[in-house]
Amino acid sequence: MNTSGDRDWERAWRILRQAIAQHAFPGASAAITLGDDVVALCGFGRFTYEHHAPEVSGETSFDLASLTKVLSATAMAMILQQRGLLDLEQPVTEVLPEFGTEGDRRAVLVRHLLAHTSGLPAYERLFERAASREVLISAACRIPLLAAPGERVDYSDIGFIVLGEALERLAGEAIDRFCTREVFGPLAMSRTGFRPLREARDQIPPTCDDREFRHRIIQGEVHDENASVMGGVSAHAGMFAPAADIARFAQCMLRGGAPIFRPETVRLFTPPQPVRAGYARGLGWDRVSQPSQSGRYFSAAAYGHLGFTGTSLWIDPERRLSITLLTNRTWPDAQSQHIKLVRPAFHDAVVEVLGV
């Protein structure tokens, strides 16, 4: 455990310890930044519920699940946009002809994929009928729209699978190589990336005992089945990182993007995007709604994202605050939903401790 200052963190840590005792998740890691400082970096619990399992520390890497969407795909889109290689208003079919032009498909813009307003469905079990990355991406590009583009928000893994392929074609490079060089390297996120080395897998908490698809314990390889078929590299899931690295990314955003983004790029991607009906998201980023997993205190300017495995990042530029919480709440079978109560309570406690 590593904290700075004279603050009484126990009221926040107690929430995580109680959650572990109630089997919300076996382990958790948290990183909190305020201003230019990392004010807390802590680990709690163990890799699994067994008493002999390794302990979690603030340096433990977790399967980030959908935090991948902001740390890789959205970051890549931001860089390509500010270099003039990505046009948010470009029809997707101009980049990916296989996406098709029938019906409303020609009206789906890159902006729609980022804002989850493309009309594509949230999820499809493509792994059940696609045995390779190429076949799965092709299947994702053919999935029918459920709504007109820009009509409503449907948070969509499918949309980000399509987006990832579009970004790779625009960059002429795979998303993992691009982000390692352009994002993780400049921010000294040395333990962040896709496809952990086999010898490092036992240093990562397992996410599930998969008895339906892979028929083994999933540890140090991506939990998401579609991403697994894609070789562990996708725009929607597949990244692993410790909380300390994600805190570095959050501080980059709080600095206005330096050294990898321009301030105007951050201002373009993080605000709510136009949608005809319902709740609006940013470009790649989620926004505070009520009730919110960010809790009661984050400002209307805040943005963040969640991950299915029990991960989250919330950033509040008004308070110059970020909170990263990583867990493996899916162990062993993803049945527990208690994380939905833990997250907002933990965020509230942190803000109260900081007095911001």
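Every number here is computed from the coordinates shown, using simple stated rules; none is lab data. What you are looking at is a predicted structure, and each value in this text was computed from that prediction instead of being measured. We place every Cβ from the backbone using ideal geometry, glycine too, and count neighbours over all the protein chains shown.
Full extension of the chain segment joining ASP87 with ASP333 gains 84.5 nm, where the gain is 0.36 nm per residue of separation less the Cα-Cα distance.
Two decimals is fine: what's Rg over Rh for the range 222-313, C-alpha atoms, Kirkwood radius as Rh? Ratio of gyration radius to Kirkwood radius: 0.99.
At q = 0.15 Å⁻¹ the log10 of I(q)/I(0) for the range 62-162 amounts to -0.61, computed by Debye summation with a single uniform scatterer per C-alpha, solvent ignored. Counted by neighbouring Cβ atoms within 10 Å, the residues SER66, SER118 run from fewest to most as SER66, SER118. Angle, helix 10-21 long axis vs. longest principal axis of the chain, Cα atoms, 0 to 90°, nearest 10? For 10-21 against the chain, the angle is about 70 degrees. Taking 25 Å as R0, compute the FRET efficiency from the Cβ-Cβ separation of LEU197 and ILE217 and round it to 0.05. The computed FRET efficiency comes out at 0.90. Per residue, the convex hull spanned by the Cα atoms of the range 192-265 measures out at 108 cubic angstrom.
Taking the Cα centre of the chain as origin, sum charge times position over the Cβ atoms of Lys and Arg (+1) and Asp and Glu (-1), and report the length of that vector in debye to the nearest 20.
Numbers: 38 positive and 42 negative charges, 80 e Å.
Using only the charged Cβ atoms, the result is roughly 380 debye.
Taking the square roots of 5 times each eigenvalue of the Cα gyration tensor of the range 95-220, largest first, gives ellipsoid semi-axes of 29, 20, 13 Å.
For the chain, the mean projected area of the C-alpha convex hull, equal to one quarter of the hull surface, is 16.4 nm². By the count of neighbouring beta-carbon atoms within 10 Å, fewest first, GLU173, GLU10 end up ordered GLU10, GLU173.
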